[in-house]
Amino acid sequence: LQKILILLHVTTCVVVGKTLMILFPNAMKRYILKQGEKSRMNENPKFSYENWGPTFFSFKYLLFVLKVKWKRLEDEALEGHPAPNTPVVTFSGKVHHLFDFMQDNRPLILNFGSCT
């Protein structure tokens with residue numbers, strides 16, 4: 001049921017966004033550029049609006065957003081429920097899943113922190 005609701009929501013957003021891009025291209029370009037500023041996408045001088053702006057609200061965009069949102073459903077951690085087997089990336093860039101690090105009946109301890 002959650003996946004169907006996400007599908008309806010994302011599809012509606014993409015259809016509305018694509019329609020607005022057709023009807024009001026300059027206003028949507030300004031809006032998308034403003035979103036690029038928030039994500040700091042505009043800071044890369046080799047990455048212009050023409051490279052990424054037109055891809056918004058495309059079919060590939062729809063599929064990508066659906067994939068991400070559906071994947072996040074699996075990553076939800078709720079008290080009293082099994083822990084999610086979320087993907088983790090090593091410093092070398094290799095992708096594993098959290099449960100790959102479990103050994104027999106030993107508890108798996110996650111330590112989050114930062115160094116500055």
Phi angles of segment 22-28, converted by Karplus (6.51 cos²θ - 1.76 cosθ + 1.60, θ = phi - 60°) into ³J(HN,Hα) in whole Hz with x for Gly and Pro, give 6, 6, 10, x, 5, 5, 5
Phi-derived 3J(HN,Hα) across segment 91-107 with the Karplus relation (6.51, -1.76, 1.60, θ = phi - 60°), rounded Hz, x for Gly and Pro, is 4, 7, x, 7, 8, 10, 10, 3, 5, 5, 8, 6, 10, 6, 9, 6, x
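From the cross-link list LYS18/LYS60; LYS3/LYS34; LYS29/LYS60; LYS34/LYS71; LYS29/LYS71; LYS71/LYS94, which pairs have alpha carbons spaced over 21 Å apart?
On the way: LYS18/LYS60 13 Å; LYS3/LYS34 29 Å; LYS29/LYS60 19 Å; LYS34/LYS71 27 Å; LYS29/LYS71 29 Å; LYS71/LYS94 19 Å.
Over 21 Å Cα-Cα: LYS3/LYS34; LYS34/LYS71; LYS29/LYS71.
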Candidate cut points under chymotrypsin sites (Phe, Trp or Tyr not before Pro) in segment 7-53, DSSP loop plus at most 13 other Cβ atoms within 10 Å of their own Cβ, are PHE47
Whole-Å distance linking the alpha carbon centroid of segment 12-66 with that of segment 92-110 is 37 Å
Averaged per residue, the 1.4 Å probe accessible area of the chain, protein heavy atoms only, in Å², is roughly 86 Å²
Residues whose built amide H sits under 5 Å from the amide H of VAL88, excluding neighbours closer than 5 in sequence, are HIS96, HIS97, LEU98
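Going by average Cβ density within 10 Å per residue, which order do the peptides 100-111, 5-16 take, highest to lowest? Don't skip to the end; give the middle numbers.
Details: 100-111: 7.7, 5-16: 13.3.
Those peptides, ordered most packed to least, come out 5-16, 100-111.
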In this structure, the FRET efficiency calculated for LEU108 and GLU79 from their beta-carbon separation, with R0 = 22 Å, to the nearest 0.05, is 0.80
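About the Cα centre of the chain, how large is the charge dipole given +1 on each Lys and Arg Cβ and -1 on each Asp and Glu Cβ? Please answer in debye to the nearest 20.
Details: 15 positive and 9 negative charges, 117 e Å.
Roughly 560 debye for the chain.
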Note: segment 60-101 at 25 °C, 0.890 mPa s; Kirkwood Rh on alpha carbon pairs; Stokes-Einstein D in µm²/s works out to 205 µm²/s
A 1.4 Å probe over the protein heavy atoms gives the chain a carbon and sulfur accessible-area percentage of 62 percent
With DSSP loop assignment and no more than 12 other C-beta atoms within 10 Å, the trypsin sites (Lys or Arg not before Pro) in segment 15-81 are ARG40, LYS46
Exposed GluC sites (Glu not before Pro) being those in a DSSP loop with at most 11 other Cβ atoms within 10 Å, the longest stretch of the chain free of them is 1-75
The correct pair for the chain, radius of gyration to one decimal and Dmax as a whole number, both in Å and from Cα atoms, is 19.4, 60
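The values are calculated or read from the model by the stated rules, or taken from the named source; none is laboratory data. Keep in mind the model is a prediction, meaning the values are calculated, not measured. FYI the Cβ positions are ideal-geometry reconstructions off the backbone, even for glycines, and counts take in every protein chain you see. Keep in mind that these areas ignore ligands, DNA and RNA; they rest on the heavy atoms of the full protein, side chains included. Shrake-Rupley method; radii C 1.70, N 1.55, O 1.52, S 1.80 Å.
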